[in-house]
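Worksheet for the structure shown next.
Since every read-out is calculated from the coordinates, none of them should be taken as a lab result. Fair warning: this is a prediction, and the values are worked out from it, not measured in the lab. Using ideal geometry, Cβ is built from the backbone for each residue, glycine included, and neighbour counts are taken over all protein chains shown.
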Amino acid sequence: MKSYGLMAMLLMSSGLLGNAVKADDDEAAVNYLELASLMLKDNNTERAATALAQVDQTAEDFDAQRFHVLTGLLQVRKGEHQSAIDAFVAAKQLGEVDSVINVYLAQSAFSLEQYPLTIEALNSAGDAVARIPSVYHMRGQSHWLLQQHDMALAVMDQASLIFPDDASFQRRKIFYLIELGLHSTAAELGQQYLQQHQADATDYVGIGNALRASGQLIVALRFLEQAKLQFPHHPDITKALAATYISNQSYHAAAQLVHELSLTEPALLSEAAELYRRAGQRHLALTLNGQVTDQAQKMKQRLGLLIELENYDQAASMEQDIKRLRIDDDENILYAMAYALFKVGQYDRAETYLSRITDTNLFQKAVEVRKIMGDCEAERWRCQ
């Protein structure tokens, strides 16, 4: 909405930047409004500002409306949207302005989230902007953000009729429907959209993620599974589908997808291993963990997996590696190592780790481990 290139033709036809009031042949004074107009046309904002500052606003022939219009255009170029709004409103109070000025006013108002003014300005622009697609997006989004949902949907429908080959309006409507909780309608329209506009993978991902975020996991899974069939090797499709399976707590399916991705993105190996762990396939998770190249990440994950597998001897033997990698500042690692050492009967070494724990939740667990170790020391036969 902040790009003003789309207005170039309107600007040229309106003459606001190009046509100037010619001075009389015998006029010796510089026409600073004319000069400011030319400077704006050349995108020289500093000189335009200097020229406008030189305008004599007390002169008998002072064109106040044009002064305010040029001031507003200058402020738009500078990104000073409130100043632009003030100038354009002042110009409109002096009489009708060109349609393009109303569009500039709408853009500045939209940038500052002044949505009622945005709609009012676009209404004032009239039929002259009826063939500018971005105007419909700005109008529709303004209605939407004002909670005028029916109007926003109607604007998207109107734009789709005017621009049948522009997929962006139907796409925006789908996201509106999802936000309104009309998931079945959104999914149905999404299917039509994908068939009519030869959508790419990005469209599938966007709609699928929106359905997932709305809590419609089954609908999202069906949608993204179809996308996976159409784009079997597209990483973003696979990631979106895996994320949806994770949200659905279908960890095995998610693990397989992330494992597939890790063949070309090794950084995902650790995540694949974690998903296999959640799916209960700890030995497979341990195998994948062995391929992780980030040593700190690898050791942290491996320690947890070995403890879950009750391989306490192997877990305890990782002590030197953990110190070497300096990951024993993580209190979860401290507790895991203490627990492994406790399970192999190394109570004194376990205590050195337990004594460094300050986290509230882990501290309570450490107290329980200490109590068990005390009982074991008193009657070792209980802990054999």
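Data for the structure
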| item | result |
| --- | --- |
| Residue among Val205, Val129, Val367 with the largest mean-square fluctuation in a Gaussian network model of the chain, springs linking Cα atoms under 10 Å | Val367 |
| Environment charge of Leu275, counting only residues whose C-beta is closer than 15 Å and scoring Lys/Arg +1, Asp/Glu -1 | -1 |
| Mean Cα-pair separation over length for region 248-305, i.e. relative contact order, pairs under 8 Å, 6 or more apart, % | 29 |
| Relative contact order for region 35-145, counting Cα pairs under 8 Å that sit 6 or more residues apart, in percent | 18 |
| Cross-link pairs beyond the 21 Å C-alpha cut-off, checked among Lys300/Lys343; Lys298/Lys323; Lys343/Lys371; Lys173/Lys239 | Lys173/Lys239 |
| Compactness of the chain, expressed as Rg and Dmax over alpha-carbon positions, Å | 33.1, 116 |
| Cross-link reach list, aspartates and glutamates versus Lys228, counting only Cα pairs under 15 Å and skipping chain neighbours closer than eight places | Asp200, Asp203, Asp236, Glu260 |
| Computed E for Thr264/His149 - FRET, C-beta separation, R0 56 angstrom, nearest 0.05 | 0.85 |
| Total formal charge among the other residues, if their Cβ is under 14 angstrom from that of Arg172, Lys/Arg +1 and Asp/Glu -1 | -1 |
| Signed unit charges on C-beta, dipole axis of region 219-342, positive-most listed residue Met299, Ile246, Leu341 | Ile246 |
| Footprinting exposure proxy for Ser99, Ser247, Ser142 (fewest neighbouring C-beta atoms within 10 Å first) | Ser247, Ser99, Ser142 |
| Gained length - Ile162 relative to Leu94, 0.36 nm times residue gap less alpha-carbon distance | 21.1 nm |
| Per-residue Cβ neighbour rank within 10 angstrom, fewest leading, Leu52, Leu122, Leu182 | Leu182, Leu52, Leu122 |
| Label-point separation, Asp294 to Gln198 (7 Å along Cα→Cβ), nm | 4.0 |
| Fluctuation leader among Gly181, Gly206, Gly95 - the chain, Gaussian network, Cα springs under 10 angstrom | Gly95 |
| Extension reserve of the Ser83-Ser247 stretch, reckoned as 0.36 nm per residue once the Cα distance is removed | 54.4 nm |
| Linear extension gain, Leu180 paired with Glu310, 0.36 nm per residue minus alpha-carbon span | 41.9 nm |
| Net +/- balance of residues flanking Ala242 in space, Cβ distance below 13 Å, scoring K and R +1, D and E -1 | -2 |
| Max mean-square fluctuation residue, GNM over the chain, Cα-Cα springs under 10 Å, options Lys92, Lys298, Lys323 | Lys323 |
